[in-house]
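Participant: What follows is a structure written as structure tokens; I'll ask about it next.
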Amino acid sequence: MFAESKKIVSTALTAFMLSMLLASCGSDEGGSSNSAEDGNPNIRTSERIYTIADLKAAGGKANKDYDVAELPGAESAWRVIFNRLDYEARFYPDHQTALDEGVEYADHVTGEDAVVTGEDVIWSEGAKDRRRCSRSEHTPHSGCSYSSRYWDFVVLGNMILMCEGLEGPESIKNCDELIAKIP
């Protein structure tokens, strides 16, 4: 029952956020790279079409290529290691598709209310890579409680980059460090 209520609230919040984003998209002034969209620093417009090659050129090691057949609108998705941290990069044909079809799926598996286990995971490919075992001190391995490995994400042009961290600001800082290395 709690999981269903949580899912309904999460879906409603995501729908509200997307409607606010879509309402503001009509005044796009041509996609200056890395500019924050509508005051949300996590959503950055860019005319550039990013690929996994950009993250590799930045020093990231792409170690898993996920099957995106069931990830709406996505062209590819990768697990990337950079500075010994995990990232998941999802690539869409363009910025608008990333917003329209990708944000809901990224929001679902990030943050405090992330859904990373069970039947409520909306895209199961790579789900085990998106979670970390969190347990209290002196708790045996069987007492593992799962939480999201990626606390937050950035939309940069056609790419959604989910970044490891224990809280939002740390995740965004980690995203920004990788993004800054893209040539």
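Participant: Over region 66-123, what is the relative contact order in percent, taking alpha-carbon pairs closer than 8 angstrom and at least six residues apart? The partial results should precede the final answer.
Facilitator: Values: 63 pairs, mean separation 14.7, N = 58.
Reported as a whole number, the value is 25 percent.
Participant: Okay, moving on. Place the peptides 57-68, 158-169 in order of packing, highest mean first, counting for every residue the other Cβ atoms within 10 Å and averaging per peptide.
Facilitator: 158-169, 57-68
Participant: Which distance in nm do the two modelled labels at Ile122 and Lys56 give, with both placed 7 Å along the Cα-to-Cβ direction?
Facilitator: Computed distance between label sites Ile122 and Lys56 equals 3.1 nm.
Participant: Let me ask something else about it. If packing is taken as the average count of other Cβ atoms within 10 Å, what order do 83-91, 118-126 fall into, highest mean first?
Facilitator: On the way: 83-91: 19.9, 118-126: 13.3.
Sorting 83-91, 118-126 by mean packing, highest first, produces 83-91, 118-126.
Participant: Taking Cα centroids, how far is region 45-102 from region 148-171 in Å?
Facilitator: Value for the Cα centre distance between the two parts: 12 Å.
We did not get these values from a lab; they are worked out from the coordinates using the rules stated. Remember, predicted model here, so these are calculated numbers, not experimental data. Positions of Cβ are backbone-derived with ideal geometry, glycine not excepted, and every protein chain shown enters the neighbour counts.
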